[in-house]
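The values are calculated or read from the model by the stated rules, or taken from the named source; none is laboratory data. What you see is a predicted model; the values in this text were computed from it and never measured. Cβ atoms come from the backbone with ideal geometry, glycine included; neighbour counts cover every protein chain shown.
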Amino acid sequence: MEVTKLRRLATWALDALCILIIFAVVVNMLPTRLVPVEHFRLLVVGISFVYYATAELLFHRTVGKALLHTRVVTADDNLPSSGQLLLRTLCRFLPFEPLSLLFSGRSLGWHDTLSGTKVIHLDY
């Protein structure tokens, strides 16, 4: 069963928290003079890409999805290909992509529709 928009928002918030923690650890490991503050946005984008791509390629779910018992599948409920998952990750960085979920009739964002994937709730 496809997940609700509220569960998707909660998943996003948990994943954002994970990315923030990873960012804080990375920044604290780097000498501050090597990374100007202007480059922090680029660092967040890079960490976000690696976080989503790695988690979904290896486990078909992120930490947020694991905690809320959801998983990424194809439109016909099969496991997505690596190409679909990479496209899904790239589409997360489209301008206004976060708003696409709010204005969709179903719980699908552009990163879902363009990659032919969806997120389902696991009953176990």
Note: among Leu43, Leu14, just one is over 22 Å from Leu101 (Cα atoms), touching a helix residue (DSSP H, G or I) at 6+ places or on another chain (Cβ under 8 Å) and among the hydrophobic types (A, V, I, L, M, F, W, C), namely Leu43
Being over 20 Å from Lys118 (Cβ atoms) and of a type outside the set (Phe, Trp, Tyr) narrows Val45, Val73 down to just Val45
For Leu122, the lone unmet condition from (1) modelled with pLDDT of 95 or more; (2) surrounded by 11 or more Cβ atoms within 10 Å (Cβ to Cβ) is (1)
Restrict the check to region 25-38 and report whether at least one residue is surrounded by 11 or more Cβ atoms within 10 Å (Cβ to Cβ), within 11 Å of the chain's Cα centre (by Cα) and either modelled with pLDDT of 95 or more or farther than 20 Å from Thr113 by Cβ (or both).
no
By residue number, the members of region 68-101 that are at positive phi and under 16 Å from the mean Cα position of the chain (by Cα) are His69, Phe96
Here the residues within region 102-119 that are under 20 Å from Leu86 (Cβ atoms) and either outside any strand (DSSP E or B) or over 14 Å from the mean Cα position of the chain (by Cα) (or both) are Leu108, Gly109, Trp110, His111, Asp112, Thr113, Leu114, Ser115, Gly116
Residue hits (region 65-90; of a type in the set (S, T, N, Q) and part of a loop (DSSP other than H, G, I, E, B)) are Asn78, Ser81
By residue number, the members of region 67-106 that are among the charged types (D, E, K, R) and exposed (fewer than 15 other Cβ atoms within 10 Å of the Cβ) are Asp76, Asp77, Glu97, Arg106
Of the conditions (1) modelled with pLDDT under 95; (2) over 17 Å from Val119 (Cα atoms); (3) in a helix (DSSP H, G or I); (4) touching a helix residue (DSSP H, G or I) at 6+ places or on another chain (Cβ under 8 Å), the single one that Phe93 does not satisfy is (3)
- Within region 7-27, can one find any residue that is among the β-branched types (Val, Ile, Thr), within 20 Å of Leu94 (Cα to Cα) and assigned to a helix (DSSP H, G or I)? yes
Exception for Leu58 within (1) part of a helix (DSSP H, G or I); (2) surrounded by 15 or more Cβ atoms within 10 Å (Cβ to Cβ); (3) of a type outside the set (S, T, N, Q) falls at (2)
